[in-house]
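Bear in mind that the values in this text are calculations on the coordinates, not laboratory data. Here the structure is a predicted model, which means the values were calculated and not measured. Cβ atoms come from the backbone with ideal geometry, glycine included; neighbour counts cover every protein chain shown.
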Amino acid sequence: MGKIDWTDPEEVRQYYRKYREKNKEKIKECNKKYYAKNKEKILERYAENKEKLQKYKREYNRKRRERAIDKLGGKCVVCGWTDKRALVFDHIHGGGNKDREKKGGQYALITWILEAPLEEVEKKIQILCENHNRIKERERRRFNQN
């Protein structure tokens, strides 16, 4: 890797992402040692800032979800609905529950959507509004009963 332009946030993000990927075990070991040494202090700080941390996590996850929705077009593929509060990730060929279990939950699914190439994601996931997602599910159940 050449010189890093430290003023470019995306380049810096990529640099650290690659570093973390390359040094996963080393970082994990350092984190374990730090936690063991500072457990009481960490738990105390967490207790003092619990509400603040929970609020931060909710906001962080909301923004990640919105970025994933935007990556896939930001609207229902059937009707064009754009209110992100009512948009969901739909597995085009079904198997959403199994896929979420395999990937490790909704957070991991969103991570995959954000990191995988768009062409790969678009083959498996689409954005639907809650109404069209429910309609698709009911039609699938009716088809499977017959």
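Please work out whether region 74-146 counts as rounded, prolate or oblate from its C-alpha gyration tensor, where a ≥ b ≥ c are the square roots of the eigenvalues and a/c under 1.5 means rounded, while otherwise a/b larger than b/c means prolate and anything else oblate? Mind dumping the intermediate values first?
Numbers: a/c = 1.88, a/b = 1.20, b/c = 1.56.
Because a/c hits 1.5 or more and a/b fails to exceed b/c, region 74-146 counts as oblate.
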Review point. Roughly what angle does helix 9-22 make with the longest principal axis of the chain, taking Cα atoms, 0 to 90 degrees, to the nearest 10?
Key: 80 degrees
Review point. What is the Cα centroid distance between region 42-63 and region 21-40, reported in whole angstrom?
Key: 20 Å
Exercise for review: Can you tell me which of 48-55, 101-108 comes out highest on packing, and rank the rest after it, using the mean Cβ neighbours within 10 Å?
Suggested key: 101-108, 48-55
Check your understanding: At 222 nm, what helix-only mean residue ellipticity would the chain give, in deg cm²/dmol to the nearest 500, using -39500 (n - 2.57) for each DSSP H run of four or more?
Key -> -22500 deg cm²/dmol
Review point. Along the positive direction of the dipole of region 34-138 (beta-carbon charges: Lys, Arg +1; Asp, Glu -1; about the Cα centre), which of Tyr35, His132, Trp112 reaches farthest?
Key: Tyr35
**Study point:** Cα-centre dipole for the chain with unit charges at Cβ (Lys and Arg positive, Asp and Glu negative), debye to 20
**Key:** 620 debye
